[in-house]
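The values are calculated or read from the model by the stated rules, or taken from the named source; none is laboratory data. As the structure is a prediction and not an experimental result, all values here were calculated from the model. When we count neighbours, we look across all protein chains shown, and the Cβ atoms used for this are built from the backbone with ideal geometry, even at glycine.
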Amino acid sequence: MGSFLFFSCVVQEKTKGGSKGTGPLGGVFKGRSPLSGACLYMSKYTVSYLGDLSTECVHEGSGARLRTDAPKDNRGKGEEFSPTDLLAVSLASCILTIMGIAAQGVGFDLRGARAEVEKEMAKESPRRVGRIGVKIFCPPCADLEMRKKIEGAGLNCPVHHSLHPEIRQEIQISWE
């Protein structure tokens, strides 16, 4: 029988006798959280294996679907994004989204910004992503302070902070 690791997000609520939270399977526990901090939001997805090294992922909140396929260099057909492709484009998408939030906050329209993404697999074992290169191209903005705020926000996106430190992230931002 195989084994697995289960990680969960626990949101704590202060009570008189300590704290109370909801455990990973919906059970209530009392005491200290097993995590150092609480999660703010939890999303739920369903991933189904379709065979032939392909999966279908469903976002439970919206019903949006996407498919993945193993890359050609790992016995797949390469007909869809691979899981590691999604990892790489998630970084760029997150940077652009957070920059968009910051841009709205300072009254700048970031519409038309785009990213070019490169992903390189590490040469050594185990198989993993070794480098993600992201080039962000933004619409012109003459206000240097505004640009600094927007860039700083993007460079602090959640995906950037969630990636393993051994994945080299090379991020460039230019204003066209």
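Structure data summary
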{"item": "Subset of region 102-116 [exposed (fewer than 14 other Cβ atoms within 10 Å of the Cβ) and within 20 Å of the chain's Cα centre (by Cα)]", "result": "Arg114, Glu116"}
{"item": "All positions within region 117-147 that are surrounded by 15 or more Cβ atoms within 10 Å (Cβ to Cβ) and under 21 Å from Gly107 (Cβ atoms)", "result": "Ile136, Cys138, Cys141, Met146, Arg147"}
{"item": "Pairs, first touching a residue at least 12 places away in the same chain (Cβ under 8 Å) and among the polar types (S, T, N, Q) in region 107-130, second surrounded by 13 or more Cβ atoms within 10 Å (Cβ to Cβ) and assigned to a strand (DSSP E or B), C-beta under 6 Å, six or more apart", "result": "none"}
{"item": "Any chance Ala92 is closer than 19 Å to Arg168 by Cβ and in contact (Cβ under 8 Å) with a residue 40 or more places away in the chain", "result": "yes"}
{"item": "Failed item in (1) assigned to a loop (DSSP other than H, G, I, E, B); (2) at negative phi; (3) not aromatic (Phe, Trp, Tyr), with Arg147 passing the rest", "result": "(1)"}
{"item": "Only one of Leu50, Leu40, Leu25 that is hydrophobic (A, V, I, L, M, F, W, C) and modelled with pLDDT of 95 or more", "result": "Leu50"}
